[in-house]
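Q: Have a look at this one before I ask anything.
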Amino acid sequence: MRILVTGGAGFIGSHLIDRLMEQGHDVLCLDNFYTGHKRNIEKWFDNPYFELIRHDITEPIRLEVDQVYHLACPASPIHYQFNPVKTIKTNVLGTLYMLGLAKRVKARFLLASTSEVYGDPDVHPQPEEYRGSVNCTGLRACYDEGKRVAETLAFEYHREHKVDIRVARIFNTYGPRMLKNDGRVVSNFIVQALDKKPLTVYGDGSQTRSFCYVSDLVEGLIGLMNNDYIGPINLGNPGEYSVLELAKIIREMINPDMELVYKALPQDDPRKRQPDITKASTYLGWEPMISLKEGLELTIRDFQQRVS
Ligand SMILES: NC(=O)c1ccc[n+]([C@@H]2O[C@H](COP(=O)([O-])OP(=O)(O)OC[C@H]3O[C@@H](n4cnc5c(N)ncnc54)[C@H](O)[C@@H]3O)[C@@H](O)[C@H]2O)c1
């Protein structure tokens, strides 16, 4: 199949492309390199089944493909808050153009949505039916409200134009190729511990997160794309850890003598985050396989090569 991956030079997109190339597909990677890098995909440059397109999805584009994995959008607060209006344009205009493309060529379209659509949740763990508690005027709104509109667009294109959609709500994902400066909790702790700097815990560290290793997530995305169930469907690892626990695990793995320092919580930081993956296991037969310890070892090894 000819498969388009928007945001394919980014963290998750590049791992997805590795898997799709290994499966023998013809892959088009589309990216504006805002947070993505050529180094993430350079191993495919000489492969005739791989094509790289530098393009910003806030402008329309015409391509002929069978499937679209729509991932283009900065995912970490540091990057999506750098230019919030651009983030909204990427989510709204970008998704609109990509749905238009899917409609024109009758391609199946998978939206990479996010657990952020649940905001700071009152229901725990979060099932897909939970409608969320999002602050529409807060600092995270450009991203989480943007993704909520992107989901709405996907469902309206499905109802009105019969576009064959899939919607994945991705929970915190980590692994090799995360950016060193993206400010997400796993990369922050690893980089600080490798740099022999104190690990920064926001708040008292009691807020919880779940962490899905990237290869598990990629299997979930491909499973959803090739399944009849359209979603929205949670993809994440239900193992729940407090941020303080995570800091201690990473400190133990890299540098047990490192200090922890505490800073104020950022605005609208969710207190809890844990996916209910009943639907993913029922409809897709999917569940994560990689333990936090294993995944962190692989991630730390990758950061060690880049940080040193
Ligand atoms: N990583 C996570 O934990 C997580 C969690 C939930 C949802 N997601 C979603 O998964 C997708 C991929 O996330 P990621 O972690 O790989 O992030 P990332 O920042 O590494 O990748 C995003 C990619 O999209 C590209 N991009 C951004 N704006 C673009 C535009 N206007 N036009 C073209 N390309 C553009 C970037 O250059 C980058 O390569 C995003 O849609 C994100 O919202 C990620």
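The values are calculated or read from the model by the stated rules, or taken from the named source; none is laboratory data. Keep in mind that this is a model prediction, so the values were computed, not measured. Here Cβ is always computed from backbone atoms with ideal geometry, including for glycine, and neighbour counts include all displayed protein chains.
Q: Does at least one position in the range 257-267 carry a residue that is closer than 23 Å to Met289 by Cβ and not aromatic (Phe, Trp, Tyr)?
A: Residues of the range 257-267 that are closer than 23 Å to Met289 by Cβ, as a first pass: none.
The answer is no, given that none of the residues of the range 257-267 is closer than 23 Å to Met289 by Cβ and not aromatic (Phe, Trp, Tyr).
Q: Next question, about the same structure. Quick one: would you say Lys196 is assigned to a loop (DSSP other than H, G, I, E, B) and either free of Cβ contacts under 8 Å to residues at least 60 places away in the same chain or away from the ligand (no atom under 16 Å from the Cβ) (or both)? Spell out how you get there, then give the answer.
A: Details: assigned to a loop (DSSP other than H, G, I, E, B): yes; either free of Cβ contacts under 8 Å to residues at least 60 places away in the same chain or away from the ligand (no atom under 16 Å from the Cβ) (or both): yes.
Yes: the conditions hold for Lys196.
Q: Six or more apart or on different chains, Cβ under 6 Å: which pairs go from a residue in the range 10-28 that's assigned to a helix (DSSP H, G or I) to one that's away from the ligand (no atom under 15 Å from the Cβ) and modelled with pLDDT of 95 or more? Could you list them?
A: These pairs meet every condition: Leu20/Ile3.
Q: Further question on the same structure: Restricting to the range 22-55, name every residue that is of a type in the set (Phe, Trp, Tyr) and closer than 18 Å to Arg177 by Cα.
A: Result: Phe33, Tyr34, Trp44, Phe45.
Q: Which residue, of Met289, Met258, Met253, is in a helix (DSSP H, G or I) and touching a residue at least 24 places away in the same chain (Cβ under 8 Å)? Talk me through it step by step, then tell me what you get.
A: Details: Met289 fails: in a helix (DSSP H, G or I); Met258 fails: in a helix (DSSP H, G or I).
Among Met289, Met258, Met253, only Met253 is in a helix (DSSP H, G or I) and touching a residue at least 24 places away in the same chain (Cβ under 8 Å).
Q: Which count do you get for residues in the range 152-186 that are out of contact with any Cys (no Cβ under 6 Å at 6 or more places or on another chain) and not in a loop (DSSP other than H, G, I, E, B)?
A: Number satisfying all stated conditions: 19.
Q: Which count do you get for residues in the range 283-299 that are surrounded by fewer than 19 Cβ atoms within 10 Å (Cβ to Cβ), at negative phi and out of contact with any Phe, Trp or Tyr (no Cβ under 9 Å at 6 or more places or on another chain)?
A: The total comes to 3.
Q: Being of a type in the set (A, V, I, L, M, F, W, C) and surrounded by fewer than 21 Cβ atoms within 10 Å (Cβ to Cβ) is the filter here; which residues of the range 162-184 pass it?
A: Matches in the range 162-184: Leu179 only.
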